[in-house]
Amino acid sequence: MTEEDDHLALEAIEVDLFIEAMLRRYGYDFRDYGRTSLTRRVRNLAQQFGTGTISALTALVLHSPERIGEVIGGLSVPASDFFRDPAIFRALKAHVFPVLASYARITIWQAGCARGEEVYSLAILLKEAGLYEKSRIFATDISETSLASAQEGIFPLSDMRDASRRYFESGGTQSLSAHYHARYERAKLDRGLIDNVTFAEHNLVTDGVFCEAHLILCRNVMIYFNDRLQARVLNLFADTLVRGGFLCVGDRENLRVAGASLFRPVEGAPSVFRLRSPVEPP
Amino acid sequence: MTVIVIGSSAGGPQALHDLLPLLKPGLAAPLIIVSHVGENMGDLLTEGLARTCTLPVRIAAERMPVEPGVVHVAPSGYHLLIEPDRRFAYSVDERIRFSRPSIDVLFVSAAEVYRDELVGVVLSGANADGAEGLRTIRRLGGLALVQDPNEAIVPTMPLAAIEQAGADICAPTAILAAHINSYVRP
Ligand SMILES: C[S@@+](CC[C@H](N)C(=O)[O-])C[C@H]1O[C@@H](n2cnc3c(N)ncnc32)[C@H](O)[C@@H]1O
């Protein structure tokens with residue numbers, strides 16, 4: 001074994017111990033996250049906290065409950081964009097909104113909403129389609145810090161240029177600037193967009209069903225989970241959805257066997273799936 | 001088993017179009033490419049390469065195994081990583097030096113899985129992505145191939161790789177292809 005191989009073997013032990021500490025001390029369970037990305041993030045966190053080794057990071061985390069928000073923030077990297085993957089929003093507008101319109105009241109769950117870019121994006125499209133007023137939206141994430149900034153709704157103004165292009169590609173019908181106020185290089189999203197939104201902490205690994213939803217968006221979250229955890233989360237979504245409810249995932253996410261048995265793809269709508277009815281042949 | 005990872009950026013598509021047709025038909029190694037191309041251009045690059053290359057070329061699919069004899073291209077908008085069970089994983093973590101996919105992210109994760117079975121190739125590009133990854137590849141016993149900066153349309157990336165990582169072979173794409181062919185036993 002070379003010195004480098006030995007170093008990696010040691011680091012693998014340190015990551016295991018970090019995961020164990022997070023679970024036993026704080027109840028956050030990262031055991032079924034994809035190992036490669038998780039290791040990358042733990043390394044970054046050790047660097048950010050200036051601890052040198054991951055073991056030293058673990059010691060610091062164990063003794064610093066006041067910093068747990070920061071730790072979760074660092075492990076969850078809330079990278080998002082307004083109207084990310086416009087083709088998916090177009091598909092929602094074309095294939096899902098007409099079905100939602102037929103309900104008296106609409107419930108939507110956005111799981112892993114990060115700093116809220118996706119929440120505001122969807123709210124804007126629902127508003128323009130005349131569906132927002134009868135919608136109730138739950139926007140959840142594991143990270144309290146991200147939820148707080150989602151609630152605040154303030155973003156760098158420089159984000160808005162590309163966002164505006166993607167807004168039109170997504171089927172936006174007015175102008176994106178109608179939905180925010182620009183001040184001091186910042187864009188503050190219209191407060192009315194979150195009138196019907198409830199932000200809440202919810203951990204997909206350990207928390208259960210809390211509502212009955214017509215549509216669930218969970219994009220670019222399960223890519224960080226191994227097959228077992230992905231299957232668990234897909235079952236949680238199936239239990240949450242009404243009969244014939246919709247699930248929207250990230251571009252090119254592979255739902256594997258669990259996904260295929262619970263959901264069928266919606267034709268012409270990339271990344272959109274519909275709950276199979278219990279009697280339907282797979 | 002030998003595994004080849006390739007990073008390219010500005011001027012890279014040309015280098016890929018030169019390199020891939022020179023690979024032996026039926027080459028029994030997986031090739032994995034990260035190329036910085038514009039939003040949604042990953043598909044176009046894949047189609048273009050498929051036309052010039054005898055090996056099948058496709059987008060690296062989430063959670064699917066790394067396959068020998070296939071050219072896997074990273075999708076635009078995601079970092080591409082290799083899991084210890086030798087399957088692809090996606091991530092949308094922050095861009096690294098303005099890039100997602102990042103060459104370094106692929107190279108480092110592949111180096112940690114494949115160690116001395118890995119060959120890293122850095123082609124034309126206008127930034128320093130790939131240099132750190134190539135250093136990790138060499139540190140873990142793999143080989144570093146770099147396109148001759150004099151041949152590269154944009155030499156910055158090959159130069160950065162040579163400076164930060166060094167190269168086992170620095171040569172024009174035709175010679176790099178011959179080396180790759182020689183590493184893979186039929
Ligand atoms: C990359 S962001 C995706 C944001 C947005 N959905 C998008 O596609 O742009 C992933 C989010 O998932 C959240 N997340 C990670 N693990 C989670 C878990 N176990 N339960 C709930 N949210 C989680 C992270 O905190 C992060 O905000």
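The values are calculated or read from the model by the stated rules, or taken from the named source; none is laboratory data. These numbers come from a predicted model, not from an experiment. So basically every Cβ, Gly included, is an ideal-geometry build from the backbone, and we count neighbours across all protein chains shown. Side chains are part of the model used for accessible areas, which takes the heavy atoms of the whole protein and leaves out ligands, DNA and RNA. Shrake-Rupley method; radii C 1.70, N 1.55, O 1.52, S 1.80 Å.
Table for the structure above
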item: Area of A:HIS179 that stays accessible when all protein chains are in place (1.4 Å probe, Å², to 10); result: 10
item: Peptide A:249-255, shielding by other chains (average Cβ, 10 Å cutoff); result: 5
item: Reduction of at least 40 Å² in accessible surface, 1.4 Å probe, comparing all protein chains with the chain by itself, residues of the range A:70-98; result: A:ALA79
item: Reduced Cα scattering model of chain B, Debye log10 I(q)/I(0), q = 0.11, 0.12, 0.17 Å⁻¹; result: -0.38, -0.46, -1.01
item: Burial order of peptide ranges A:5-12, B:143-150 (average beta-carbon count within 10 Å, highest first); result: B:143-150, A:5-12
item: Chain A - mean residue ellipticity at 222 nm from DSSP helices (-39,500 (n - 2.57) per run, n ≥ 4, rounded to 500); result: -13000 deg cm²/dmol
item: Candidate residues A:GLU267, A:GLU128, B:GLU62: accessible-area rank, largest first, probe 1.4 Å; result: A:GLU267, A:GLU128, B:GLU62
item: Cα-based convex hull, the protein assembly as shown, per residue volume (Å³, whole number); result: 157
item: All lysines inside 25 Å of A:LYS188 as judged from Cα atoms, apart from same-chain residues fewer than 8 positions distant; result: A:LYS93, A:LYS127, A:LYS134
item: Apportionment of accessible area to carbon and sulfur, chain B, percent (1.4 Å); result: 55
item: Residue mean of other protein chain beta carbons inside 10 Å, A:214-227; result: 2
item: Net charge dipole size for the protein assembly as shown [Lys, Arg +1 and Asp, Glu -1 on Cβ; Debye, nearest 20]; result: 1160
item: Nearest-10 value in Å² for the accessible area of A:LYS93, using the 1.4 Å probe; result: 60
item: Positions from the range B:89-116 whose accessible area shrinks by 50 Å² or more when the full protein complex is built, not the chain alone, probe 1.4 Å; result: B:TYR90, B:VAL92, B:ASP93, B:GLU94, B:GLU112, B:ARG115
item: Volume of the Cα convex hull of the range B:29-121, divided per residue and given in Å³; result: 92
item: Of all accessible heavy-atom area on chain A, the percent that carbon and sulfur account for (1.4 Å); result: 51
item: Cα shape, the range A:5-143, gyration tensor, a/c 1.5 rule; result: prolate
item: Heavy-atom accessible area, 1.4 Å probe, ligands and nucleic acids excluded: residues of the range B:46-70 down by at least 10 Å² from chain alone; result: B:ILE59, B:GLU62, B:ARG63, B:MET64
item: Options A:LEU92, A:VAL249, A:ILE223, ranked by Cα towards positive dipole end of the range A:86-275, top entry (Cβ charges); result: A:LEU92
item: Square roots of five times the Cα gyration tensor eigenvalues for the range A:111-262, Å; result: 28, 16, 15
item: Radius 13 Å from Cβ of A:PHE168, net charge of other residues (Lys, Arg +1; Asp, Glu -1); result: +2
item: Summed side-chain charge close to A:ASN196 - residues other than A:ASN196 whose Cβ falls under 12 Å, Lys, Arg +1, Asp, Glu -1; result: +3
item: Number of partner chain Cβ atoms within 10 Å, mean per residue of B:135-146; result: 1
item: Neighbourhood net charge (13 Å Cβ-Cβ; Lys/Arg +1, Asp/Glu -1) for B:LEU49; result: -1
item: Accessible area per residue in Å² at 1.4 Å probe, computed on the protein assembly as shown; result: 41
item: Whole-number percent relative contact order across the range A:86-275, with pairs defined as alpha carbons under 8 Å at least 6 apart; result: 25
item: The range A:3-75, Rg to Rh (Cα coordinates; Rh as Kirkwood inverse mean 1/r); result: 0.94
item: Ranking by accessible area, most exposed first, for A:ARG161, A:ARG40 with a 1.4 Å probe; result: A:ARG161, A:ARG40
item: Peptides ranked, highest mean first, by Cβ atoms within 10 Å: ranges B:121-128, A:224-231; result: B:121-128, A:224-231
item: Probe 1.4 Å, all protein chains present, accessible-area order of A:ARG43, B:ARG63, B:ARG185, largest first; result: B:ARG185, A:ARG43, B:ARG63
item: Total accessible area lost when A and B pair, probe 1.4 Å, Å² to nearest 100; result: 2500
item: Length-normalised contact order of the range B:3-183 in % [C-alpha pairs under 8 Å, at least 6 apart]; result: 23
item: Packing-based ranking, highest mean first, of A:240-252, A:180-192 given that Cβ atoms within 10 Å are counted; result: A:240-252, A:180-192
